[in-house]
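The values are calculated or read from the model by the stated rules, or taken from the named source; none is laboratory data. Please read all numbers here as calculations on a predicted model, not as lab measurements. As a convention, Cβ positions derive from the backbone with ideal geometry for all residues, glycine included, and neighbour counts pool all protein chains shown.
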Amino acid sequence: MSESVLTARTEPISRARRGFVRRWLGNPWRKPTILATVTWVYLAWSLIPLVVAIAVSFNVSRSISSVNPFSLHWWWSDPIDSLYHDPELHTAVIQSLKLSVTTMVIAVPLGVAFALGIDRWHGRPATGVNFVMLLSFVMPEIILGLSLFFVFSFVLKSVPLGTPAQILGLVTFQISYPVIIVRARLLTIGKDYEEAAMDLGATPKQSIRAVLLPMLYPAILASAAIVFADTIDDFVTVRYLSGPASSEPLSVKIYGAARAEPTPAVNAAATFMLLATLIVAALAYILYRVVTKGQRGGGVTDLATQF
Amino acid sequence: MSVSSEAQPVRRRRPRRARAVDERVHYSRWFWPSFTIPATIWLAILFILPLYTVVSIAFGTVDPIFRNALPVYEPWWWSGEQFGRVLHDSFGFYRNVYIHTFEYVIVASAICLVLSYAVAYYVARYGGKRKALLLVLLIAPFFISYLMRMLAWINLLDTNGYVNKVMSFLHLTSHPVDWLGGRPFTVVMGLVYGYIPYMILPLYAFLDRIDPNLLEAGRDLGAGPARTFFRVTLPLSRPGILAALVIVSLPMFGDYYTQNLLSGSPKTTMLGNLIDEAVNSTGQGPKAAVFVLILMILVLIPMLYYMRSTARSLTTR
């Protein structure tokens, strides 16, 4: 009896000696305050600068370092330097959209077909081909961009630098995204659905078109959105492969101007690109919701694991 | 197996080696390989051939008058002259550039790892109802151009920018700091800012897959939170950590634009800048090719590691 009183008394004291901080850290049921703080501070750090950059594009003055809104001067009103009236920026916007849409249209089908094939084709040649595809995925972009520049200037001379070379280069760089995303999805789908379709009398082609492809739509959409977003932002490959000034897309112009003497028009151009990307992402998301209507869950959490 | 192959109504010829065909023998042997042919041809011409061209230029010769590159495509005629010269400079004139590159990449990757592990861990384990929102915010940078994100920092770090304003308001500095004037700190921060999203998402996907029962088992066996983390979670996430480290450090090694936009000073030159400068000045094509080759050799091992782990994750889960 007296013993238990003793222990009951000494325990809190020894605990108290361990200090408040350690006790707090040692409590497995406490709220993850530190992690939560890190996360929200990180998010603030990652997103607030962008808000500032967007706000600068609506500046009245020429300053790029402070926000003094609100005008559409650099978007529209300035007759020479605004995004809308500067003819160079104008052609650059069109070039950007042209490159991204074309790349998306070429790279996604190539990549999806490749993913389907490589997922079911086993053997030594398949391993080799797969190796090359993964190599193109991890290769730093400067290596790829420069080697393409060299190949178009020394070997494939019939392809002029400019739009054709840019598209060929971008597709090469982007082709692995759909492959990786679609393969990850194929892995979760498994072969059962297709085999069921064929047991019910479908030919291999029918089973792909009617069963497998619809199940792959989310992955295809995700990869299309990624390819578009990544291409419209790309300036490494595109810059090395651009020929005349008219073939420089907006990203290259922004890169050049950001180093020279940036005006809020550069911010306006960047904001415009952001809008274009967000519209495509939103479209992809809406389509995704429509396509996966009958399937479980859906939503962002699912889409995120596609990466 | 043989039953199902006989059940096929029309089959022009039996596959000689059943091993080479899919187990169920539903498909002809060329059915699946044919899907990969277009992309394979594309990569052969526009990926393998260009890489070979770089090697041919790096080991090729130079026009004695115009100093432009004369690629040599036959390996038996290759000369190591260009390569030797640049390699020699790499240990002399360019030594600091290599040291900078490694310093910046290692420090930036380490910061990326600590930060993104904390964020990914929080979202994966404690995201709760806010998980979708958090994920949207974490994915957002993927859809925001790298340039836009660097531009934002050019705005903020300007001598009259908000960072300096806040710092002088808090009396941290008496006069504005020239952040964009060639400071390693700015470059490393830019690298972290630019590449950290690419690390958080894979880490999140990895941590999300760890079975919570394992953590609970650790607890039940008497381990405290710290011990559970160090003995269970961390060892389990090691492959994810390695893959994530590789995925951010590879592009950092080839990065020249972050340095160029946020510093532009020769004091902070990285390997990528050497390549970019060489290719943009006339007569230095061979030098650029050699630098590209050196970069490729430097990143080869992490690249192979990442490819192996990706290949594995795409076939088993």
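From the list A:Ile220, A:Ile143, A:Ile232, pick out the single residue that is within 17 Å of B:Leu49 (Cα to Cα) and within 21 Å of the chain's Cα centre (by Cα). Full working, then the answer.
Working: A:Ile220 fails: within 17 Å of B:Leu49 (Cα to Cα); A:Ile232 fails: within 17 Å of B:Leu49 (Cα to Cα).
Within the list A:Ile220, A:Ile143, A:Ile232, the selection yields A:Ile143.
Using the structure shown, decide if A:Ser57 is touching a Phe, Trp or Tyr at 6+ places or on another chain (Cβ under 9 Å), assigned by TED's automatic domain parsing to the domain that holds A:Ala224 and at pLDDT 80 or above.
Working: touching a Phe, Trp or Tyr at 6+ places or on another chain (Cβ under 9 Å): yes; assigned by TED's automatic domain parsing to the domain that holds A:Ala224: no; at pLDDT 80 or above: yes.
So A:Ser57 fails the test.
Pairs only if they're at least six apart or on different chains, beta carbon under 9 angstrom, first in region B:275-301 and away from chain A (no Cβ under 11 Å), second of a type in the set (Phe, Trp, Tyr); list them, first residue then second.
Once the first residue is away from chain A (no Cβ under 11 Å) and sits in region B:275-301, its partners that are of a type in the set (Phe, Trp, Tyr) give B:Glu277/B:Tyr256; B:Thr282/B:Phe66; B:Gly283/B:Phe66; B:Val290/B:Phe59; B:Val290/B:Phe83.
I need the helices (runs of 4 or more DSSP H) fully contained in region B:104-207, keeping only those with at least 2 residues that are crowded, with 20+ Cβ neighbours inside 10 Å. Quick ask: steps written out before the conclusion?
On the way: elements: B:131-143, B:146-157, B:162-169.
By residue number, B:131-143, B:146-157.
So which residues in region B:70-84 are touching a residue at least 24 places away in the same chain (Cβ under 8 Å) and either more than 14 Å from chain A (Cβ to nearest Cβ) or touching a strand residue (DSSP E or B) at 6+ places or on another chain (Cβ under 6 Å) (or both)?
At the first step, the residues of region B:70-84 found to be touching a residue at least 24 places away in the same chain (Cβ under 8 Å) are B:82-83.
B:Phe83 - this is the single residue of region B:70-84 that is touching a residue at least 24 places away in the same chain (Cβ under 8 Å) and either more than 14 Å from chain A (Cβ to nearest Cβ) or touching a strand residue (DSSP E or B) at 6+ places or on another chain (Cβ under 6 Å) (or both).
Considering A:Val155, A:Val171, A:Val129, which residue is in contact with a Ser or Thr (Cβ under 6 Å, 6 or more places away or on another chain), surrounded by 19 or more Cβ atoms within 10 Å (Cβ to Cβ) and without any contact (Cβ under 8 Å) to a residue 40 or more places away in the chain?
Values: A:Val155 fails: surrounded by 19 or more Cβ atoms within 10 Å (Cβ to Cβ); A:Val171 fails: without any contact (Cβ under 8 Å) to a residue 40 or more places away in the chain.
Every option except A:Val129 fails the conditions.
Inside region B:280-292, can you point out the residues that are surrounded by fewer than 21 Cβ atoms within 10 Å (Cβ to Cβ) and within 24 Å of the chain's Cα centre (by Cα)?
B:Asn280
Is it fair to say A:Pro49 is under 30 Å from B:Asp220 (Cβ atoms) and free of Cβ contacts under 8 Å to residues at least 24 places away in the same chain? I'd like the intermediate steps shown before the answer.
On the way: under 30 Å from B:Asp220 (Cβ atoms): no; free of Cβ contacts under 8 Å to residues at least 24 places away in the same chain: yes.
Taking the combined requirement at face value, the residue does not satisfy it.
May I ask you to verify whether B:Ser34 is within 14 Å of another protein chain (Cβ to nearest Cβ) and within 30 Å of A:Asp192 (Cα to Cα)?
On the way: within 14 Å of another protein chain (Cβ to nearest Cβ): yes; within 30 Å of A:Asp192 (Cα to Cα): yes.
Yes: the conditions hold for B:Ser34.
For region A:124-147, does any single residue satisfy the condition of being within 11 Å of chain B (Cβ to nearest Cβ), out of contact with any Leu (no Cβ under 7 Å at 6 or more places or on another chain) and farther than 29 Å from B:Ile301 by Cβ?
Within region A:124-147, none of the residues are within 11 Å of chain B (Cβ to nearest Cβ), out of contact with any Leu (no Cβ under 7 Å at 6 or more places or on another chain) and farther than 29 Å from B:Ile301 by Cβ.
Here's the yes/no breakdown for (1) more than 8 Å from chain A (Cβ to nearest Cβ); (2) within 25 Å of A:Ser100 (Cβ to Cβ):
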residue: B:Arg125; (1), (2): no, no
residue: B:Lys131; (1), (2): no, no
residue: B:Ala140; (1), (2): no, yes
residue: B:Tyr146; (1), (2): no, yes
residue: B:Arg149; (1), (2): no, yes
residue: B:Ile154; (1), (2): no, yes
residue: B:Asp158; (1), (2): no, no
residue: B:Tyr162; (1), (2): no, no
residue: B:Phe169; (1), (2): yes, no
